[in-house]
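Novice: Please find one structure pasted underneath; my questions will follow.
The values are calculated or read from the model by the stated rules, or taken from the named source; none is laboratory data. Being a predicted model, the structure only gives us computed values, none of them experimental. A quick note on method: Cβ atoms are made from the backbone with ideal geometry, for glycine too, and the neighbour counts reach across all protein chains shown. What goes into the accessible areas is simple: the full protein's heavy atoms, side chains included, and nothing from ligands, DNA or RNA. Shrake-Rupley method; radii C 1.70, N 1.55, O 1.52, S 1.80 Å.
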Amino acid sequence: MDATAAHAFATPPVSLHRPTTAVEDIITLAAGVWLLTGTYVDGWAHNNLRDLETFFTPWHAILYSGFAACAVWIAALTLRRHAPGTRWTEAIPAGYGAAAAGVLLFVISGAADFAWHSVFGIEQGLKALFSPSHLGLATGGFLILSAPFSSAWHSPQRSWPRLMPAVVSAMLSGMVAAFILQEFAVFARHGLIQTYSGAAGAPAVAVPTSSSIMVSLASFFVSTAVIFVPVLLLSLRWRLHAAVPAAMALLPSVALQIMVALRDAWLVPVAVVGAVLVGVVWALVRPKPDRPARLMTAIALSPVVFWAPYFTGVALRDGALSFAPEIWGGTLAWTGLEMLALAALMLKVRAAPVPGPVSPVR
């Protein structure tokens, strides 16, 4: 493994930057929730409203005011830590460097978004997720929301209550990724695994094409990574209560369904069942950072038990599945193998020795 990658997952040295307090991280998350709420409300508008012809909308007001709160707070944290005669970059709190870069990226992307809408109009549907300015906004928001997690990563000995901001930060960051990748989000719709034929009023389940099967598999791959990679990253560092991975699987799924105006509201209880099963897996396996076999077992089983109720719910609702048992069973196996491979890779990188001196984290 590359030495730089190994260093990224090794226990980092003490940062020269002053760490944040629990209260400061909670305020960061409060501003981040404001920003994320604006993001999902804006997504709701793009998904459900037509004839959006102006940049100046109530949902943009929530989005950009939430960003302003994040930017002002991160600037205040930096100002409080700045000592005369030192560089401003050294005053950024430990773990907040990427968030500061995210603020700059968000400002640039926001200006680009205004220019983009002025020239090309307001995007709807899939086009909104491919807009370069929207991708820049999503990346900036991701960097901002991940700050408390990044800060805690460099202080692995924190007590469990002190780690809650890191847990929430990882979940919110995953929700940003879920938003920008919503066209691959399994819980945003059920048509990804069903093919219909016949009249519009009484469609019948039909045999899928090879291309639709591959699109569905790709969607499960993306959805699995968005939901369970944050869980994996947390579990590499800390032992998680079973409720944590369950909540991290449930909340993004419900948020996506709300964003599309609950067009498949019956998927919400399906997500609840899947999340409970994820919690059961973690309660039984009890993975810990120093028990690689248990960790890999839990993270590999999690997507399998989470997506199984999804297939069951779709089959009960429509009376049948388009997918043959080999396809839906193979999809479940693939998602488990995906997380098993990622866990094995990250554990291998974490365990790799780091040659030579290590410079302080900045």
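Novice: Mind listing just one residue for me: the one in the range 59-68 that is farther than 14 Å from Gly102 by Cβ and of a type in the set (A, V, I, L, M) and, of those, least open to solvent (accessible area, probe 1.4 Å)?
Specialist: Leu63
Novice: Another question, if that's okay. Which of the residues spanning the range 96-120 are open to solvent by 20 Å² or more (accessible area, probe 1.4 Å), out of contact with any Lys or Arg (no Cβ under 7 Å at 6 or more places or on another chain) and not hydrophobic (A, V, I, L, M, F, W, C)?
Specialist: Ser118
Novice: Can I ask one more? Within the range 155-168, is even one residue more than 26 Å from Leu251 (Cβ to Cβ) and without any contact (Cβ under 8 Å) to a residue 24 or more places away in the chain?
Specialist: yes
Novice: Still on this structure, I have one more. Looking only at the range 126-154, filter to residues that are over 26 Å from Met248 (Cα atoms) and open to solvent by less than 50 Å² (accessible area, probe 1.4 Å); which one of those is modelled with the lowest pLDDT?
Specialist: Ser131
Novice: Go through (1) assigned to a helix (DSSP H, G or I); (2) open to solvent by less than 30 Å² (accessible area, probe 1.4 Å); (3) closer than 30 Å to Pro309 by Cβ; (4) at pLDDT below 90 one by one and return the number of the condition Glu183 breaks.
Specialist: (2)
Novice: Looking only at the range 213-225, count every residue that is open to solvent by 20 Å² or more (accessible area, probe 1.4 Å) and either in contact (Cβ under 8 Å) with a residue 40 or more places away in the chain or of a type in the set (Lys, Arg) (or both) and tell me the total.
Specialist: Here is the first cut: in the range 213-225, the residues open to solvent by 20 Å² or more (accessible area, probe 1.4 Å) are 213-215, 217-218, 221-222, 225.
This time we only want the ones that are either in contact (Cβ under 8 Å) with a residue 40 or more places away in the chain or of a type in the set (Lys, Arg) (or both), so: 213, 217, 221-222, 225.
Residues flagged as open to solvent by 20 Å² or more (accessible area, probe 1.4 Å) and either in contact (Cβ under 8 Å) with a residue 40 or more places away in the chain or of a type in the set (Lys, Arg) (or both) within the range 213-225 amount to 5.
Novice: Checking Ala178 against (1) farther than 24 Å from Asn48 by Cβ; (2) crowded, with 24+ Cβ neighbours inside 10 Å, which test does it fail?
Specialist: (1)
Novice: Same structure again: When you scan the range 186-204, do you find a residue that is out of contact with any Ser or Thr (no Cβ under 9 Å at 6 or more places or on another chain), in a helix (DSSP H, G or I) and not acidic (Asp, Glu), even just one? If you could, list the steps in order and put the result at the bottom.
Specialist: Just the residues of the range 186-204 that are out of contact with any Ser or Thr (no Cβ under 9 Å at 6 or more places or on another chain), to begin with: 189-191, 197-202.
Filter again for in a helix (DSSP H, G or I), leaving none.
Checking the range 186-204: not a single residue is out of contact with any Ser or Thr (no Cβ under 9 Å at 6 or more places or on another chain), in a helix (DSSP H, G or I) and not acidic (Asp, Glu).
Novice: Identify, by number, the condition in (1) of a type outside the set (A, V, I, L, M, F, W, C); (2) more than 18 Å from His154 (Cα to Cα); (3) within 21 Å of the chain's Cα centre (by Cα) that Gly97 doesn't meet.
Specialist: The one condition Gly97 does not meet is (2).
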